[in-house]
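The values are calculated or read from the model by the stated rules, or taken from the named source; none is laboratory data. Not measured: the values here are computed from a predicted model. When we count neighbours, we look across all protein chains shown, and the Cβ atoms used for this are built from the backbone with ideal geometry, even at glycine. When the accessible area is computed, the model is the full protein with side chains, heavy atoms only, and any ligands, DNA or RNA have been set aside. Shrake-Rupley method; radii C 1.70, N 1.55, O 1.52, S 1.80 Å.
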Amino acid sequence: MRTRNTLSALIGLWFLIAPWVLGFDSPGALWTSVVFGAVQIISSLWATDKSGWGVWQNWVSLVAGVWFILLPFAYSLSSGETWSSVILGLITVLLNLQNLATKS
């Protein structure tokens with residue numbers, strides 16, 4: 001659990017800095033990535049050592065991952081930005097599904 005939450009938080013950190021590293025053109029995409037990245041970091045770290053379907057922090061992080069899968073299509077991002085967002089969003093969803101399915 002701790003490892004999965006740490007990885008999810010690190011992915012959130014990437015989403016927090018990605019707009020400047022990848023050079024997002026859309027201000028909406030930039031701020032969405034920053035806000036949801038921060039939410040993912042906070043919820044993932046808050047959920048450290050917690051698991052099960054009742055842990056709301058993992059649900060919040062999972063929803064952030066789903067949003068990152070959809071983000072490039074909502075804002076028409078470039079190919080590199082799209083792949084980064086979709087792949088890391090999918091990894092976030094999978095990590096959090098594992099946390100939710102694990103019993104404490």
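Note on the stretch 1-29: residues that are among the β-branched types (Val, Ile, Thr), without any contact (Cβ under 8 Å) to a residue 60 or more places away in the chain and either under 20 Å from Ser79 (Cβ atoms) or in contact with an Asp or Glu (Cβ under 6 Å, 6 or more places away or on another chain) (or both) total 2.
For the stretch 88-99, taking the residues that are without any contact (Cβ under 8 Å) to a residue 60 or more places away in the chain and crowded, with 17+ Cβ neighbours inside 10 Å, the one that is farthest from the chain's Cα centre (by Cα) is identified as Val93.
Please work out which residue is most open to solvent (accessible area, probe 1.4 Å), limiting yourself to the stretch 70-87 and to residues that are more than 12 Å from Ile11 (Cβ to Cβ) and among the aliphatic types (A, V, I, L, M). So that I can check it myself, show each step before the final result.
Of the residues in the stretch 70-87, the ones more than 12 Å from Ile11 (Cβ to Cβ) are 70-83, 86.
Subset that is among the aliphatic types (A, V, I, L, M): 70-71, 74, 77, 86.
Numbers: Leu70: 89, Leu71: 2, Ala74: 62, Leu77: 25, Val86: 35 Å².
Looking at the filtered set, the residue picked out is Leu70.
When only residues in the stretch 10-37 that are among the small types (Gly, Ala, Ser) and under 18 Å from Ile69 (Cβ atoms) count, which is surrounded by the fewest Cβ atoms within 10 Å (Cβ to Cβ)? Top of the filtered list is Gly28.
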